[in-house]
Amino acid sequence: MILNQANLAILNMGYSAAFQMGLAASNPIWPRVAMDVPSNTAENAYAWLGQSTKFREWVGERVYQNLAQSDYRIKNKTWEDTVSVPREAVEDDQYGVYSKLMEQLGQDAANHPDELVFGLLKAGFSTMCHDGQYFFDADHPVGQQGSQVSVSNYQSGSGAPWFLLCTSKIVKPLIFQKRRPYAFQARTNLTDENVFKANEFVWGADARNNVGFGLWQTAFASKADLNEDNYSAAQAAMMNFKNYAGTPMGITPELLVVPPSLKTAAEKLVVATTVANGATNVLANSAKVLVVPWLA
């Protein structure tokens, strides 16, 4: 290839198309467990996560509810994924072999939110949420000041963690906060520093976003064995969760999230229609199973 800006512009268009192909070919799973929240500044404040409201019969004047508030904030982070191609490879018409690398960049961009969202879910045993407790904790304070009780969304154990989620609410268990979408960029001007100093062309993708926790009441985690008793206990606990005003939240868990090592156990528990002795499986279809490689 003759290295001029016209030819390099055509090359950039081809690589950009490969990036978009990789982006479109992927099927991210984070939207099943996280809500997509736009961001227009360095961080978003989620004071409303601590608020509790309930309807009452309108008798007399309106009653202004005393709403709890949190100082939970999610700061945006900037991410990048960059590759370089030797100038000689382009000059000697070897640029075609790098198209798949650009397509991989697109797939990386599509999968990156999955890594962030499920990485945070896995870290929920040691990462705080809006009430100042770990997201999965035995001591979430619930109730009005002076009459609070501790509520648990966690089962202790020593096994691989599994998660039971309610994803039907407006506020999902996790938050994916998007400040700037994933974009593909090139540094191929012959006067660019990377060409002058390192004799290479550079292509990369970058984005600005971050993840955080939604309502802890929409999630339950366990390190105990994934069996009928522990699953049923988690299910019952979630359905009994109340908001900060003491009103039942109507939580109905319907998604069982597991690492690959628990795939078979999860499917036997909530997918199979019969149990080992041939009896009807009463837990069949009580939840969908989502196997997440990022939890391995």
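The values are calculated or read from the model by the stated rules, or taken from the named source; none is laboratory data. Just so you know, these numbers come straight off a predicted model, no measurement behind them. Neighbour counts run over all protein chains shown; Cβ positions are idealised from the backbone, glycine included. For accessibility, only protein heavy atoms count, side chains too; no ligands or nucleic acids. Shrake-Rupley method; radii C 1.70, N 1.55, O 1.52, S 1.80 Å.
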Amide H contacts of residue 157 (H built 1.01 Å from N, under 5 Å, at least 5 apart or other chain): 223
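Take the alpha carbon gyration tensor of segment 111-161, find the square roots of its eigenvalues, order them as a ≥ b ≥ c, and report rounded if a/c is under 1.5; if not, report prolate when a/b exceeds b/c, else oblate.
Working: a/c = 3.98, a/b = 1.77, b/c = 2.25.
Here segment 111-161 falls in the oblate category.
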Chain lengthening between residue 43 and residue 282 when straightened (0.36 nm per residue, less Cα-Cα): 81.5 nm
Acute angle (nearest 10 degrees) that the helix 5-25 long axis makes with the longest principal axis of the chain, alpha-carbon atoms: 20
Listed residue (135, 121, 84) projecting farthest to the positive dipole end of the chain, Cβ model: 135
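Compute, for segment 52-174, the length of the dipole vector about the Cα centre, with Cβ point charges of +1 (Lys, Arg) and -1 (Asp, Glu) only. Units Debye, rounded to 20.
On the way: 11 positive and 16 negative charges, 183 e Å.
The calculation lands at about 880 debye.
With a 1.4 Å probe and all protein chains left in place, how much of the accessible area of the chain comes from carbon and sulfur atoms, in whole percent? Don't skip to the answer; put the middle values down first.
Working: 8170 of 15500 Å².
Percent of accessible area from carbon and sulfur atoms in the chain: 53.
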Accessible-area value, residue 77, 1.4 Å probe, nucleic acids and ligands omitted, Å²: 100
The chain: angle of helix 228-239 to the longest principal axis, Cα-based, in degrees nearest 10: 80
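Per residue, how large is the accessible surface of the chain? Use a 1.4 angstrom probe and give square angstrom.
Details: 15500 Å² over 296 residues.
On a per-residue basis, 52 Å².
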Among the listed pairs 122/242; 100/197; 172/242; 169/223; 263/288; 122/178, those beyond 19 Å (Cα-Cα): 122/242; 100/197; 169/223; 122/178
Surface accessible to a 1.4 Å probe, residue 54 within the full protein complex, Å²: 100
In sequence order, calculated HN-Hα J values of segment 102-108 (Karplus, 6.51, -1.76, 1.60; Hz; x Gly/Pro): 5, 5, 5, 4, x, 5, 4
Magnitude of the charge dipole, the chain, Cβ model with Lys/Arg +1 and Asp/Glu -1, debye to 20: 880
Selected from 56, 179, 208 as most flexible by GNM, with the chain as the system and alpha-carbon contacts under 10 Å: 56
³J(HN,Hα), Karplus 6.51/-1.76/1.60, whole Hz, each residue of segment 137-151, x for Gly, Pro: 8, 8, 10, 6, x, 10, x, 6, 3, x, 9, 6, 10, 8, 10
Separation of the residue 56 and residue 187 label points, Cα + 7 Å toward Cβ, nm: 6.1
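So what is the relative contact order for the chain, in percent, with contacts set as C-alpha pairs under 8 Å and at least six apart? Show your work: numbers first, answer last.
Values: 566 pairs, mean separation 63.9, N = 296.
Computed over the chain, the figure is 22 percent.
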Gaussian network model of the chain, springs between alpha carbon atoms under 10 Å - residue of 28, 248, 161 with greatest fluctuation: 248
